[in-house]
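Beneath this line is the structure, given in C-alpha cells, with notes to follow.
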Amino acid sequence: MGFSEVLAQYDTLDMAAYLAAVQPADVERVLAKHSLTPHDYLTLLSPAAEGMLEVMAQKANEISLRHFGRTIQLFTPLYLANYCTNQCVYCGFNTANKISRMQLTAEELTKEAQAIAATGLKHILILTGDAPAKSTVEYIGDCSNILREYFSSISIEVYAMTQDEYAYLIDRGVDGLTIYQETYNKPLYEELHPKGPKRDYGFRLDAPERGCKAGMRTVNVGALLGLESVWQRDAFYTGVHAEYLQRKYPGTNIAISLPRMRPHAGSYQPASIVTDKHLVQLMLAQRIFLPSVGITVSTREPAALRDNLMPLGVTKMSAGVTTAVGGHTADNSSTEQFEISDPRSVEEMCSAIEARGFQPIFKDWEPF
C-alpha cells in the first residue's frame, strides 16, 4: 500500500466536525496514552487542545529530551539556481515573476562552500528551482561532488525525482531529501500549481517514498502552512505521512518541517493565518504523536519565537541563512525566494542555543 491509499482512508473524515466535537476530557485521555493513533494526533490539533498547551509542552519536552537529549543540529541552505518552469502562485521563483535568474558555476559554488565551511557547519541543504532541463540531475550531482569535500552531510530540496535519479545523487554524496507536498488537498494543489511539472500531485506525493527506497539516510516532509483555509488539515496529513514513512522504512530518519508562508515576489496571500499559538500547538502535537521524528524550524520564523520553541521538540535549526543564489558571498537579494525573519549568524545561533541550555551540533554524520 502506497501513501495515496493511506490518504484515501480519510476521504470520508469530516475533519471540521471531528475537531469541533473534541472536548478537554478527550485531550486528557490522549495525553495519558503512551502510543497515539492518527485520530489521537488530530485530537491534539483541535481547538479544545489549545487550552492545554502547558501540559502538552511538558510532555513534549520530556519526550524530546528522552529521544534527542539537549542537542540541536545546525545547517544552512545553499541555493544553486533559481530558474523555474512552474507557476506556483505562492512562490517567489514563479516563472511569471520578474526576478533576476542565475545558476552557480563550479567556481562560484566552491567560493560559497568555502565561506559556509569557514563557519564550522558540516550539514548543508542545497536548493534549486524546478527546472530539470537547466538544473539537471547531472548538474546537481556535480555540485554535490564539489560540496562533499567541505561537508559531511548534503541534503537536497529540489524538484521531485525518480528513484533512479535519487540513487544517482546518493552515489555523488547526497544523503538527505527534503520535499514538501505544499498541500495535501489535491483540488487546491492543482489550483495553486496551474502550470509546470510540479502540477503532477501524485508524482510529488510519492517522491519521499522513492527517496526512502533509493537509500536516502534522511527524508524530510512538510506542508506550507497557510495554503489551506483550515490549518489542521495539512498539519494532520503531514503527520500521517511521516508516520507512514517511519513505519514502512525504519532504517530511514524521517523528519518534519513546519514552514509558514513568508513575503515573496508575487501577490498571493495566505488562505489562513497560522498564529504563533497554532504553530506551537502543531509542534507539540507532532512531538507527542511521533516521539523520534526530527523537527526543523527555519529562519522563516522570527528569532524570539525560534528561541522559545527550542525546548518543545525542535531537533534542527538553520543559521547564517540566505535564500538568494550565491547569497553567502555576494549581495544577490534580487534572486531571493522569500524574505527570512531570523538573520542571525552561525555564531549568534550557537550563543542562543547555549543560552537555552542546549548544545549546538555541527556534525553528527560521516559517510564511508
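Condition (residue is surrounded by fewer than 20 Cβ atoms within 10 Å (Cβ to Cβ), among the aliphatic types (A, V, I, L, M) and more than 23 Å from Ser153 (Cα to Cα)) applied to the range 218-235: is it met by at least one residue?
Yes, that holds for at least one residue.
Does Ala271 satisfy being farther than 30 Å from Ala117 by Cβ and small (Gly, Ala, Ser)?
The answer is yes for Ala271.
Only one of these is under 15 Å from Ile288 (Cβ atoms), part of a loop (DSSP other than H, G, I, E, B) and within 23 Å of the chain's Cα centre (by Cα): Leu42, Leu36. Name it.
Leu36
If I filter the range 237-252 for residues that are crowded, with 18+ Cβ neighbours inside 10 Å, among the aliphatic types (A, V, I, L, M) and farther than 22 Å from Leu53 by Cα, do I get at least one hit?
Looking through the range 237-252, at least one residue is crowded, with 18+ Cβ neighbours inside 10 Å, among the aliphatic types (A, V, I, L, M) and farther than 22 Å from Leu53 by Cα.
Name the single residue that is farthest from Ala223 (Cα to Cα) among those in the range 102-132 being under 24 Å from the mean Cα position of the chain (by Cα) and charged (D, E, K, R).
The selected residue is Glu112.
Would you mind finding the one in Thr76, Thr85, Thr95 that is part of a loop (DSSP other than H, G, I, E, B), touching a Gly at 6+ places or on another chain (Cβ under 6 Å), in contact (Cβ under 8 Å) with a residue 12 or more places away in the chain and at negative phi?
Thr85
Within the range 217-231, which residues are in contact with a Pro (Cβ under 9 Å, 6 or more places away or on another chain) and either part of a loop (DSSP other than H, G, I, E, B) or not β-branched (Val, Ile, Thr) (or both)?
Listed by number, the residues that qualify are Arg217, Asn220, Gly222, Ala223, Leu224, Leu225, Gly226, Leu227.
Give the residues of the range 1-33 that are assigned to a loop (DSSP other than H, G, I, E, B), under 24 Å from the mean Cα position of the chain (by Cα) and surrounded by 14 or more Cβ atoms within 10 Å (Cβ to Cβ), sorted by residue number. Let's see the steps before the verdict.
Here is the first cut: in the range 1-33, the ones assigned to a loop (DSSP other than H, G, I, E, B) are 1-2, 9-14, 22-23, 32-33.
Next, only the ones that are under 24 Å from the mean Cα position of the chain (by Cα) stay: 2, 10.
Within the range 1-33, just Tyr10 meets the criteria.
Condition first: over 18 Å from Met15 (Cα atoms), at pLDDT below 95 and aliphatic (A, V, I, L, M). Now tell me which residues in the range 184-236 satisfy that.
Leu192, Leu224 - these are the residues of the range 184-236 that are over 18 Å from Met15 (Cα atoms), at pLDDT below 95 and aliphatic (A, V, I, L, M).
Condition first: in contact (Cβ under 8 Å) with a residue 24 or more places away in the chain, more than 27 Å from Lys195 (Cα to Cα) and part of a helix (DSSP H, G or I). Can you find one or more residues in the range 121-133 that meet it?
Scanning the range 121-133 turns up no residue that is in contact (Cβ under 8 Å) with a residue 24 or more places away in the chain, more than 27 Å from Lys195 (Cα to Cα) and part of a helix (DSSP H, G or I).
Can you give me the number of residues within the range 154-182 that are in a loop (DSSP other than H, G, I, E, B), farther than 20 Å from Ala133 by Cα and touching a helix residue (DSSP H, G or I) at 6+ places or on another chain (Cβ under 7 Å)?
Count: 2.
Within the range 74-103, work out how many residues are surrounded by fewer than 23 Cβ atoms within 10 Å (Cβ to Cβ) and either of a type in the set (A, V, I, L, M, F, W, C) or closer than 20 Å to Thr299 by Cα (or both).
Residues flagged as surrounded by fewer than 23 Cβ atoms within 10 Å (Cβ to Cβ) and either of a type in the set (A, V, I, L, M, F, W, C) or closer than 20 Å to Thr299 by Cα (or both) within the range 74-103 amount to 8.
Do we find a residue being in a loop (DSSP other than H, G, I, E, B), touching a residue at least 40 places away in the same chain (Cβ under 8 Å) and closer than 30 Å to Phe362 by Cβ anywhere in the range 183-191?
No, the range 183-191 contains no residue that is in a loop (DSSP other than H, G, I, E, B), touching a residue at least 40 places away in the same chain (Cβ under 8 Å) and closer than 30 Å to Phe362 by Cβ.
The values are calculated or read from the model by the stated rules, or taken from the named source; none is laboratory data. Treat the numbers as computed from the prediction; the structure is a model and nothing was measured. Note: ideal-geometry Cβ built from the backbone for every residue, glycine included; neighbour counts use all protein chains shown.
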